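Structure record follows, encoded as structure tokens.
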Amino acid sequence: MTRAYWPCWAGALALSGTALTYFLTLGRTMGVSSYYRRLVDARRELHEQRELGALGADADALVAALHAATLEEMGQSSSQPAVSSDSTPVSEAPGKPLRANAVPWTAPALFLLMLVVGGAVAAMLRGGFRVQLTPGPLFEHFFSTGAAGLVVLLAGGLCVGFGTQMAGGCTSGHGLSGTARFQPGSLAATASFFGAGAGVSLLLARFL
Amino acid sequence: MSSEALAASSARPLLRREPSSAGIHLRYGLTGLMLGAALTFIGFGSFDEVHRMFTFADLRLFFTFLGAVTLLGLAFFGIRSNSPALPRRPLHRGIIPGSTLFGIGWALTGACPAIALVQLGEGKLYALATLTGILVGTWSYGRMQGKLFRWNTGSCEGP
């Protein structure tokens, strides 16, 4: 038998608890649309890392090359050796290649995978796991079954994917973490996507 | 990248020293599991529930979300971290049109980027259509951003 959905307080604790755990253990705010970005860009990232790796393997050669290029571009008066702001000469830095991002793309990709696993586990625990080919009678009432419905889901997905990238965040990044910190961009984002969601849903209910 | 930026991109989490790669993956994986489970238990994976939220027929999901923001806000205030790793999120030109587009898609599919994956986990195979759209949309934006749009969405701060 399917158990009831969680009451407000339980859900609020679970969502905020997750976001807080993320922040405390990783030092940044949770944001799912950025994981999609990393996944989609993974191939390009790997390519860039290989190139950077080849350069960074010899930090001194990199510094020398940049220095030479600067002299060429700016003239002799700009001749200043490159020094990192914490006064560690670059050639004494650990021999790691420069990295585009401290977190490998596989980590956010794992998060996305675990969203699926989490959904599966929870669905089974509450007795709600069921293979479904359509979102249900309400959706079918709006968009009919079969190909038309799938086209709507595809188009809707395009809107979600493109829109969240354009906004630089989604429900977790802007909606949860951003508004909790009173960030102006996130407040505007949350108002916008809730407003648009409500608007479209009300139109669907009214006219379809 | 300046050393400040490098330091910020690998800013120390409050509880742990700089984690290993395995440690980073464990944290991402665990929080992903938590979020996926939470969304299912709450009912965000259901098209009907989301539709009810958006039409104000049942405010449970909305109050859940509001409660989560409040609790998280209190927590952030309590921590009062001015760590450079926390990005400022200004209202750039892409926010309102992008979020509006996202909201339209959410109403049509019942899914946001996280929910589409959670739906798949729940056995809702139709989410594959939604996910295809999300991935193509994400990819398309990446291709267009350099040519058409010239704002910083803040996503350089990374996940």
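The values are calculated or read from the model by the stated rules, or taken from the named source; none is laboratory data. Predicted model only: the values in this text are computed from it and were never measured. As a convention, Cβ positions derive from the backbone with ideal geometry for all residues, glycine included, and neighbour counts pool all protein chains shown.
General remarks:
- Of the residues making up region A:180-202, at least one is farther than 20 Å from B:ARG88 by Cα and more than 7 Å from every other protein chain (Cβ to nearest Cβ).
- When the helices (runs of 4 or more DSSP H) confined to region A:1-115 are screened for residues that are under 30 Å from B:VAL136 (Cα atoms), touching a Pro at 6+ places or on another chain (Cβ under 7 Å) and modelled with pLDDT under 95, those reaching at least 1 such residues are found at A:8-26, A:42-56.
Let's see how each residue does on (1) modelled with pLDDT under 95; (2) at the interface with chain A (Cβ under 7 Å from one of its Cβ atoms); (3) outside any helix (DSSP H, G or I); (4) at negative phi:
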site: B:GLU4; (1), (2), (3), (4): yes, yes, no, yes
site: B:ALA8; (1), (2), (3), (4): yes, no, no, yes
site: B:ALA11; (1), (2), (3), (4): yes, yes, yes, yes
site: B:GLU18; (1), (2), (3), (4): yes, no, yes, yes
site: B:TYR28; (1), (2), (3), (4): no, yes, no, yes
site: B:MET34; (1), (2), (3), (4): no, yes, no, yes
site: B:GLY45; (1), (2), (3), (4): no, yes, yes, yes
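- Scanning region B:47-84 for residues that are among the polar types (S, T, N, Q) and modelled with pLDDT of 95 or more turns up B:THR55, B:THR64, B:THR70.
- When B:LEU72 is tested against (1) within 16 Å of A:GLN183 (Cα to Cα); (2) part of a loop (DSSP other than H, G, I, E, B); (3) not small (Gly, Ala, Ser), just one condition goes unmet, and that condition is (2).
- Among the conditions (1) crowded, with 24+ Cβ neighbours inside 10 Å; (2) more than 7 Å from chain A (Cβ to nearest Cβ); (3) assigned to a helix (DSSP H, G or I), the only one that B:ALA38 does not satisfy is (2).
- The residue that is farthest from A:SER192 (Cα to Cα), counting only those in region B:47-69 that are assigned to a loop (DSSP other than H, G, I, E, B) and of a type outside the set (D, E, K, R), is B:ALA57.
- A residue that is crowded, with 18+ Cβ neighbours inside 10 Å, modelled with pLDDT of 95 or more and either among the polar types (S, T, N, Q) or farther than 30 Å from A:SER34 by Cβ (or both) occurs somewhere in region A:149-170.
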